[in-house]
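The values are calculated or read from the model by the stated rules, or taken from the named source; none is laboratory data. Being a predicted model, the structure only gives us computed values, none of them experimental. With ideal geometry, Cβ positions are generated from the backbone for all residues, glycine too; neighbour counts draw on all protein chains shown. Heads up: the accessible areas ignore ligands, DNA and RNA and are worked out on the full protein's heavy atoms, side chains in. Shrake-Rupley method; radii C 1.70, N 1.55, O 1.52, S 1.80 Å.
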Amino acid sequence: MSSVPVYTKTQALAEAWRCLQCFDAPCIAACPANVHVPRFIRMIRSANWASAAEGLRSANAFVSLCGAVCPEDVLCRYKCSRGRLDNPIDIRALHRFVTSSVPPKIFPEWPRALGPQVAVVGAGPAGLGCALALTRLGFDVTVFEKESRIGGIPSMEIPRARVEQTLQDDLRAFAERLKIVTSKPIYHLADLQKFDAVFVAVGLGKTARLGIEGEEMTGVESASSFLRRTRENPSNLTDKRVVVVGGGNTAMEAALVALEAGGEVTVVYRRRQIDMPAWPEEVREITVGGTVFRFLEVPVRIVGEAGHVIAVDLQRQELGPVDESGRLTPVPTNDSPIRLPADHVIIAVGAIVETALFAELVRERGDHFVVNEKGESSVLGVFIGGDAVHGEGTIVAAFAEGRRIGEHIAEFLRKT
Ligand SMILES: Cc1cc2nc3c(=O)[nH]c(=O)nc-3n(C[C@H](O)[C@H](O)[C@H](O)COP(=O)(O)OP(=O)(O)OC[C@H]3O[C@@H](n4cnc5c(N)ncnc54)[C@H](O)[C@@H]3O)c2cc1C
């Protein structure tokens with residue numbers, strides 16, 4: 001994710017005055033949390049920073065984080081009407097300016113405690129969005145997080161410690177009703193029997209594999225393992241020729257980290273550039289950094305020497321019939337495989353929900369959980385949301401969905 005400009009007050013005012021204040025502002029509809037963008041920008045224009053920040057926080061309690069990592073080029077900014085005149089408004093930078101200048105407000109009065117207790121599994125955006133909606137409505141919530149930190153999948157742009165600090169600051173306002181228990185994995189509903197309702201928001205914890213010869217060799221690893229390792233110790237990358245397999249945001253993020261660490265990076269993707277699911281901003285960033293792209297190729301074998309990867313064999317593809325995702329299916333050609341030298345192979349071909357998690361709940365094709373439009377699962381009182389249901393999305397969409405399901409859980413608890 002590219003860096004967001006850090007505005008001074010004068011710059012924030014100048015940018016805010018460029019906003020056209022559209023009557024039917026398309027930016028609001030483009031935001032999964034329906035943040036009222038023109039209203040918060042209007043408050044900036046009159047230097048009413050506190051109300052601007054309050055307006056943002058009431059729509060999205062994860063606001064400080066979103067101000068840094070929201071993919072605005074595919075959401076609000078993409079739809080900004082000003083873009084048809086010259087440049088769209090830098091909504092994310094304005095957002096970041098107000099939320100970093102004004103600390104969150106502690107609620108002066110809490111609604112009366114209603115009694116029912118809710119458990120949330122996973123302290124990512126979906127889990128926290130749900131927990132915050134319920135605490136605001138008067139329910140006591142306990143969030144269980146398997147890691148020692150909160151926030152779910154971090155973006156590389158903001159260091160982990162800052163993500164954690166930002167979230168803790170945002171969450172202070174909810175401390176009264178919200179208990180977060182870290183380093184506590186939950187795998188079965190039986191462990192949560194004392195709760196009146198459960199929200200499962202465990203994200204996608206497992207990277208899909210290629211299923212080819214040589215994948216177990218040293219020097220071959222999943223993008224999640226690579227990102228985690230380099231995040232913990234940025235000097236942890238010494239390999240020169242890095243091959244990243246995949247065309248999504250995770251692949252782009254891994255490529256960016258490898259580039260920044262001095263690697264010569266090649267991205268291999270099985271379809272064409274226009275088919276890549278990665279956000280254009282992410283692709284642009286690594287292209288500028290000097291990444292080589294190989295499209296319409298698939299790794300068919302990882303070649304090693306003394307147990308360590310030295311090359312990848314790539315099979316050329318052509319596009320065949322449309323598959324169930326609506327995209328053209330890559331089909332192998334008859335050409336002989338091409339050997340690409342590599343010291344390090346990073347696999348980023350998608351992520352799935354961990355198999356051992358909540359075996360009691362129904363899944364689609366053994367992967368994502370199945371729910372109805374209210375987020376209700378196959379078990380009464382158990383709701384599920386976020387990436388674990390829809391596959392990889394955005395922080396703001398996961399947060400907004402958690403909040404919406406939190407309201408359904410409140411409705412369910414009031415009826416029982
Ligand atoms: C590398 C990468 C970079 C990304 N960058 C961006 C970005 O810049 N901007 C953006 O908007 N989106 C980005 N995304 C997408 C975004 O992070 C996700 O869509 C979003 O985090 C999903 O939220 P979630 O709450 O559903 O799941 P997650 O964020 O994955 O959170 C799930 C949480 O549940 C915990 N958990 C899992 N199992 C258990 C268990 N058994 N018990 C207890 N806790 C458990 C996990 O530790 C985790 O904290 C990125 C994704 C990836 C993979």
> Based on what the data block shows, is Phe226 crowded, with 23+ Cβ neighbours inside 10 Å, in the same structural domain as Gly406 (by TED's automatic domain parsing), among the hydrophobic types (A, V, I, L, M, F, W, C) and under 24 Å from the mean Cα position of the chain (by Cα)?
Replying inline: no
> Can we say Val283 is within 14 Å of the ligand (Cβ to nearest atom) and not in a strand (DSSP E or B)?
Replying inline: yes
> Considering only residues of the stretch 29-54 that are free of Cβ contacts under 8 Å to residues at least 60 places away in the same chain and more than 15 Å from Leu94 (Cα to Cα), which is nearest to the chain's Cα centre (by Cα)?
Replying inline: Ala30
> From the residues in the stretch 116-144 that are near the ligand (Cβ under 6 Å from one of its atoms) and within 16 Å of Ile395 (Cβ to Cβ), which one is surrounded by the most Cβ atoms within 10 Å (Cβ to Cβ)?
Replying inline: Ala126
> Can you name the number of the only condition in (1) open to solvent by 10 Å² or more (accessible area, probe 1.4 Å); (2) modelled with pLDDT of 90 or more; (3) more than 11 Å from the ligand (Cβ to nearest atom); (4) not basic (Lys, Arg) that Ala113 fails?
Replying inline: (2)
> Restricting the search to the stretch 178-207, which residues are open to solvent by 30 Å² or more (accessible area, probe 1.4 Å), part of a loop (DSSP other than H, G, I, E, B) and away from the ligand (no atom under 12 Å from the Cβ)?
Replying inline: Gln193, Lys194, Asp196
>> I'd like the full set of residues that are hydrophobic (A, V, I, L, M, F, W, C) and touching a helix residue (DSSP H, G or I) at 6+ places or on another chain (Cβ under 8 Å), limited to the stretch 182-223.
In response: Ile186, Ala197, Val198, Phe199, Val200, Ala201, Val202, Leu204, Ala223
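Given Arg231, Arg241, which one is of a type in the set (Lys, Arg), open to solvent by 80 Å² or more (accessible area, probe 1.4 Å) and assigned by TED's automatic domain parsing to the domain that holds Asp313?
Arg241
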